[in-house]
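K.L.:
Shown below is the structure under consideration.
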Amino acid sequence: MARTRKVTVSTDAHGHTAGWAPTDAEPPARPEPDPTAAAFFDVDNTMMQGASIYWFARGLAARKYFTTGDLARFAWQQLRFRLLATEHAGDMTHAREAALAFVEGWRVDDVERLTEEIFDELMAPRIWAGTRKLAQRHLDDGMRVWLVSAAPVEIGRVIAARLGLTGAVGTVAEIVDGVYTGRLVGDLMHGPAKAEAITQLAAVEGLHLSRCVAYSDSVNDLPMLSAVGRAVAVNPDGVLLRTARERGWEVRDFRTGRRAARIAVPSTAAVGLLAGAVSAGVALHRRRRLR
């Protein structure tokens with residue numbers, strides 16, 4: 001697994017004292033930081049409304065890398081494929097290979113630059129304020145906070161940096177001479193792979209998973225949620241909600257009414273759906289440019 005990139009967390013002097021007059025009372029003491037504890041946050045529908053790869057695709061479409069019509073058409077084709085395909089090895093291989101095919105031939109620095117721009121334009125307004133506060137609370141308590149996402153690690157890294165988090169774990173694309181080959185390194189950061197990733201990260205960083213906490217919206221992340229000492233279901237899908245109630249896990253839901261039903265799409269389905277759409281759309285755009 002690729003090492004996560006650390007980002008510097010800066011604080012200002014007025015964070016907890018602004019608006020308060022001096023008194024004789026001692027401020028409440030913060031708990032001593034636990035160097036063996038960390039928090040792990042899923043991204044899609046947990047930290048952000050919808051799928052990060054979707055908003056990345058929207059940003060690329062806005063920059064004319066492909067048309068919105070291409071996006072819609074190929075998204076439908078991918079959805080049909082996912083609904084009709086059986087779970088045999090060949091289908092799963094197809095899904096894995098489609099996940100990062102859209103970056104084939106792109107320079108890493110170009111993708112990172114575009115991700116930064118698209119985050120500021122489309123992703124930042126869709127960060128759940130409630131989830132952001134949960135992450136900040138852990139930072140304030142001296143804990144490290146990682147994002148763990150099936151999206152490309154470069155997207156997770158930008159989101160982590162923008163939010164002042166420790167780093168990100170995500171799906172890794174093969175890079176040769178600063179250019180993406182379109183192939184994966186390892187597997188999609190999905191399901192059991194997330195649990196394996198945080199277990200490896202814990203070994204490298206000296207963490208005790210029993211003292212860590214994980215947050216997710218999807219039952220697909222049950223392995224990760226079960227690997228830590230405390231699990232929290234955030235904006236959970238129906239199956240995860242039932243599981244959380246059965247296991248006595250905390251539930252946080254920042255959605256309301258019809259809005260909740262509309263955006264509570266399984267994140268892995270969204271990643272597969274949009275990754276395939278982006279792959280096809282960018283390939284079509286490249287063919288058009290070559291004509």
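The values are calculated or read from the model by the stated rules, or taken from the named source; none is laboratory data. Source: prediction; values computed, not measured. Here the Cβ positions follow ideal geometry from the backbone for every residue, glycine too, while neighbour counts run over all protein chains shown.
K.L.:
Among Phe119, Phe74, Phe81, which is in contact with a helix residue (DSSP H, G or I) (Cβ under 8 Å, 6 or more places away or on another chain), modelled with pLDDT of 80 or more and of a type in the set (A, V, I, L, M, F, W, C)?
P.N.:
Phe119
K.L.:
A further question follows. Of the residues that sit in segment 40-66 and are among the hydroxyl-bearing types (Ser, Thr, Tyr) and over 20 Å from Leu165 (Cα atoms), which one is surrounded by the fewest Cβ atoms within 10 Å (Cβ to Cβ)?
P.N.:
Once the filter is applied, the top-ranked residue is Tyr65.
K.L.:
Separate question: In segment 207-231, what count of residues is obtained for those that are outside any helix (DSSP H, G or I) and either at pLDDT below 95 or crowded, with 19+ Cβ neighbours inside 10 Å (or both)?
P.N.:
10
K.L.:
Take the residues of segment 36-59 that are among the polar types (S, T, N, Q) and assigned to a loop (DSSP other than H, G, I, E, B): which is farthest from His190 (Cα to Cα)?
P.N.:
Per the criteria, the residue is Thr36.
K.L.:
Oh, and also: Could you please give the count of residues in segment 177-195 that are surrounded by fewer than 19 Cβ atoms within 10 Å (Cβ to Cβ), touching a residue at least 12 places away in the same chain (Cβ under 8 Å) and not in a strand (DSSP E or B)?
P.N.:
Counting residues in segment 177-195 that are surrounded by fewer than 19 Cβ atoms within 10 Å (Cβ to Cβ), touching a residue at least 12 places away in the same chain (Cβ under 8 Å) and not in a strand (DSSP E or B) gives 6.
K.L.:
Moving on to the next point. Can you tell me which residues in segment 120-147 are touching a Pro at 6+ places or on another chain (Cβ under 9 Å) and loosely packed, with under 14 Cβ neighbours inside 10 Å?
P.N.:
Residue satisfying the conditions is Gly142 alone.
K.L.:
Out of Glu154, Glu112, Glu174, I need the residue that is under 21 Å from Lys194 (Cβ atoms), out of contact with any strand residue (DSSP E or B) (no Cβ under 7 Å at 6 or more places or on another chain) and either at pLDDT below 95 or part of a strand (DSSP E or B) (or both). Which one?
P.N.:
Glu154
K.L.:
Something else: Looking only at residues in segment 232-241 that are touching a helix residue (DSSP H, G or I) at 6+ places or on another chain (Cβ under 7 Å) and surrounded by fewer than 24 Cβ atoms within 10 Å (Cβ to Cβ), which one is nearest to Asp42 (Cα to Cα)?
P.N.:
Applying the filter and picking the extreme gives Asp237.
K.L.:
Please specify each residue of segment 204-226 satisfying the condition of being among the hydrophobic types (A, V, I, L, M, F, W, C), more than 18 Å from Arg137 (Cα to Cα) and touching a strand residue (DSSP E or B) at 6+ places or on another chain (Cβ under 7 Å).
P.N.:
Passing the criteria: Leu207, Met224, Leu225.
K.L.:
Restricting the first residue to segment 51-64 and requiring it to be on the phi > 0 side of the Ramachandran plot, which pairs with a second residue that is in a loop (DSSP other than H, G, I, E, B) and of a type in the set (Gly, Ala, Ser) meet a Cβ separation below 9 Å and a spacing of at least six or different chains?
P.N.:
none
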